[in-house]
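Colleague: The structure's right below; bear with me while I get my questions together.
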Amino acid sequence: MTDAAMTPGVLFRLRQLCWIALVAIVFALIDSDFTIFIAAAIAIAAVAFETLAPVRELGLGHPRSIARTIALGVLVGLAMLFFSKLLLTPIAEAITGIPRDLSAFDYVRGDLPAYLALMPRIWLGAAICEEIVFRGFLIGRLEAAFGGASPIATAAAVMLSSALFGLAHMYQRPTGVLITGVLGLVFACVYAYGGRNLWLNIVVHGVYDTLSLGLVLTSYDRVFAEIARRLVMH
């Protein structure tokens, strides 16, 4: 088979962009707690239509070691928490001059029942659905739109998916977009260059969000913020 015969056609590439646009429209037009679930459903349907193997294509196949995936996910999630709170956030705030706005989660401060009630949404919506949409779906469809997986196509897909992930968090103001964009880049690299095991990403994402909100619950986020300010000032 010639290289020309193996190269995806123009219509195929355009169709991938249409899938991406459809998911983007969902985020732009639907303001609901269920937006990410709708987007994930469309993403799964799109990958199923294109590949007939959505579980494998999205990286949701059985991991080689469940215990290793969980242990590594916890360690990476914890490392990302310290990186984000003690280094990334103060640097981003210094660059933009605008504090990151996480006031949407202030209602869990000192309220354990509210925190626990939020956990299913964090793990199902953020950890699972966001990883399906922004890593499994977006990286794969962008690569396909660029003509197939290659070092350049994968790098471009990683960067674009991370930028879109940041923009999806506009409610956190420009600084939040910058921070989540950088965190999205870490998530994308873990996925694209770490064996495309989306379960690892899901654990990392879930652990990070759980611990981050745990800091808000206990008000230790303010302690971390003060430590971060001192580190950056010195």
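The values are calculated or read from the model by the stated rules, or taken from the named source; none is laboratory data. Please read these numbers as outputs of a predicted model, since none were measured by experiment. Here the Cβ positions follow ideal geometry from the backbone for every residue, glycine too, while neighbour counts run over all protein chains shown. Only protein heavy atoms, including side chains, enter the accessible area calculation; ligands, DNA and RNA are left aside. Shrake-Rupley method; radii C 1.70, N 1.55, O 1.52, S 1.80 Å.
Colleague: Jot down the per residue volume, in cubic angstrom and as a whole number, of the convex hull over the alpha-carbon atoms of the chain.
Modeller: 134
Colleague: Could you please report the charge total around His62, scoring K, R as +1 and D, E as -1 over all other residues with beta-carbon less than 13 angstrom from its beta-carbon?
Modeller: Charge balance in the 13 Å sphere: +3.
Colleague: Now for a different question. Suppose a student asked you for the relative contact order of the chain, using Cα pairs under 8 Å spaced at least 6 residues apart; what percent would you report?
Modeller: 32
Colleague: If you don't mind, another one. If I model a spin label at Val55 and Phe105 as a point 7 Å from the Cα along the Cα→Cβ vector, what separation in nanometres do I get?
Modeller: Each label point lies 7 Å from its Cα, and together they span 3.2 nm.
Colleague: Can you tell me the accessible area per residue over the chain, all protein chains present, probe 1.4 angstrom, in square angstrom?
Modeller: On the way: 12150 Å² over 234 residues.
Per residue, the chain has an accessible area of 52 Å².
Colleague: For Ala79 and Val223, calculate 0.36 nm times their separation in residues minus their Cα-Cα distance, and state this gained length in nm to one decimal.
Modeller: Gain in length upon complete extension: 50.1 nm.
Colleague: Sticking with this one: Order these peptides, 108-118, 195-205, by their mean beta-carbon neighbour count within 10 angstrom, highest first.
Modeller: Answer by packing, highest mean first, reads 195-205, 108-118.
Colleague: Among Gly77, Gly166, Gly61, determine the one that fluctuates most according to a GNM of the chain built with springs between C-alpha atoms less than 10 Å apart.
Modeller: Gly61
Colleague: How much length is gained on full extension from Ile38 to Met233, taking 0.36 nm per residue of separation minus their Cα-Cα distance?
Modeller: Full extension from Ile38 to Met233 adds 65.9 nm.
Colleague: Sticking with this structure for a sec: If a paramagnetic tag sat 7 Å from the Cα of Met159 along the Cα-Cβ line, which residues of the range 189-227 would have the backbone N under 17 Å from that point?
Modeller: 189-190, 192-193
Colleague: Given contacts defined as C-alpha pairs under 8 Å and at least six residues apart, what's the relative contact order of the range 134-234, whole-number percent?
Modeller: The value is 21 percent.
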